1. Pairs please, first residue from segment 116-133 and of a type in the set (D, E, K, R), second anywhere and open to solvent by 40 Å² or more (accessible area, probe 1.4 Å), Cβ atoms under 9 Å, 6+ apart in sequence or on different chains.
2. Go through segment 144-182 and give me each residue that's under 16 Å from the mean Cα position of the chain (by Cα) and not hydrophobic (A, V, I, L, M, F, W, C).
3. Name, by its number, the condition in (1) over 24 Å from Val337 (Cα atoms); (2) among the polar types (S, T, N, Q); (3) open to solvent by less than 60 Å² (accessible area, probe 1.4 Å) that does not hold for Asn393.
4. Does Gln412 fit the bill of being open to solvent by 60 Å² or more (accessible area, probe 1.4 Å) and at pLDDT 95 or above?
5. Filter segment 324-381 down to residues that are polar (S, T, N, Q) and either within 18 Å of Tyr272 (Cα to Cα) or not in a loop (DSSP other than H, G, I, E, B) (or both) and give me whichever is most open to solvent (accessible area, probe 1.4 Å).
6. If you check every pair at least six apart or on different chains, which have Cβ atoms under 6 Å apart with a residue in segment 283-307 that is farther than 13 Å from Val270 by Cβ first and a residue that is part of a helix (DSSP H, G or I) and open to solvent by 80 Å² or more (accessible area, probe 1.4 Å) second?
7. Would you pick out the residues in segment 17-59 that are buried (at least 17 other Cβ atoms within 10 Å of the Cβ) and over 20 Å from Trp121 (Cα atoms)?
8. For segment 61-156, which helices (runs of 4 or more DSSP H) that fit wholly inside it have 1 or more residues that are in contact with a Pro (Cβ under 6 Å, 6 or more places away or on another chain), open to solvent by 10 Å² or more (accessible area, probe 1.4 Å) and of a type in the set (A, V, I, L, M)?
Amino acid sequence: MRATRAKTPVREPRRWRTPPPLIRGSETLEGMDILREVGSEAGVLLWQSYRNVMFWATAEPGERARLFSAEAGRKRLAEVGAARLPQELVEPLNVVGGLLAAPEDTPGDDVAAACTAIGEWAQEEQHGAAALAFTQAAALAMPRSAALALKVGQVARDRAEMARAETWFRHAIMISRQVGDWETYARAYIALGNMAIHRGSFPVAHRMHIKALRAARRKGLPALQGMAAHDLFVVATETGRHAQAEEYAKAAFRAYGPHHERLPVLAHDVAYLWMDQGYFAPALEVFEALRPHVVGKRELGLTIVSNIARAAGGVGDREAFRKAWVEVNRLAKEPEVRSVLAAAMLELAHGAASLGEWDRAEQAAEQSRTVAAEMRQGKLLISAEFVLDSIRNGRRIERRAPDTAASAVGTQDAEMFAANLVRTLAMATAQ
């Protein structure tokens, strides 16, 4: 008798589930921070409207008709009409008044648009809690919008509410998979990866950015490919995988193209990696090519010129170093550059030490230590003290590329990539 084979059970499609996103912070009463931030009658109306929308958005659709009293909509519209309000708030608050009058018939996208408008007004007025509250209300009013969920995460992150931000980024990933919004899917993974970088969780950051890169490649999203590859470059650099870092940098360069706004940032990051490895000549070429891209940007200008000073010292170009020395010390007098001054003076100290100009090196390192202490920049303070001690003891502080065949190959590769970066930066400047 012929044996019968058991049928293989058909697997159900995999369901992606994440815990619900956080919708409350540390406030004792929901939305109370809106009253504290905005104040006056505008703050009261905004707080009431936020509570109304949250009540409506979190209720079952079949229950919404019974949420508010018959007179609630008429009273709210009258209050909005009588109040002294910024013009930008009148229309969206009237939409919420209409929601109170007809909660079962008001479309979610209308409510979301009104809440988004209020959130944008709050951001412009620097009312961060109100901006987060209404951006979140917009996302809950349109629960299938991955882009709105992503926006909540971004606003929460900017307010340093990291736990809430992470839950909303993961929520955005879940929704974007369901609705096929692959751009938001990749952006949310990039956001999670960058949060992990800031925490120092580099393995987690690598996984998040790899997911973003693969999605961007599959769906033909070159700008997001560039962003994910650029961030993977950062992760590889921070973990000492320099060869892999350069491969990611090349991938980002190809994806960005000549006109992407982050191309100069990538070029700077790659050149700085080369300089840290002792490949000063290609680094110097790229830093010089970046000058036109930082015109009028004082902090970035100081950073680039101080890097030029260090790279020029590394290649032994005294004239280029001394010009950069003068320029750095001139820019250092500007109050706008205080936050990057300690780092800039440290680069200057490295360049002077490479040339054996020990008095200048000590002067720059001393200034770096002083500013770092004033600005409470702990990591820079430690670096400045180490460099200062090394200078005073006559020890070499600059890394030089080892004289090996592998180094020669690395130098040649860096020079080729540098030439491509310089040419592309020039094309971008010419536009």
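1. Hits for this filter: Glu120/Glu88; Glu124/Glu88; Glu125/Glu37; Glu125/Pro86.
2. Lys151, Gly153, Gln154, Arg157, Asp158, Arg159, Glu161, Glu166
3. Condition not satisfied by Asn393: (3).
4. no
5. Among those residues, the one meeting the criterion is Gln363.
6. Hits for this filter: Val294/Leu300; Arg298/Glu336.
7. Pro21, Leu22, Ile23, Trp56, Ala57
8. 108-124
The values are calculated or read from the model by the stated rules, or taken from the named source; none is laboratory data. Just so you know, these numbers come straight off a predicted model, no measurement behind them. As a convention, Cβ positions derive from the backbone with ideal geometry for all residues, glycine included, and neighbour counts pool all protein chains shown. To get the accessible areas, we keep the full protein, side chains included, count just its heavy atoms, and leave off ligands, DNA and RNA. Shrake-Rupley method; radii C 1.70, N 1.55, O 1.52, S 1.80 Å.
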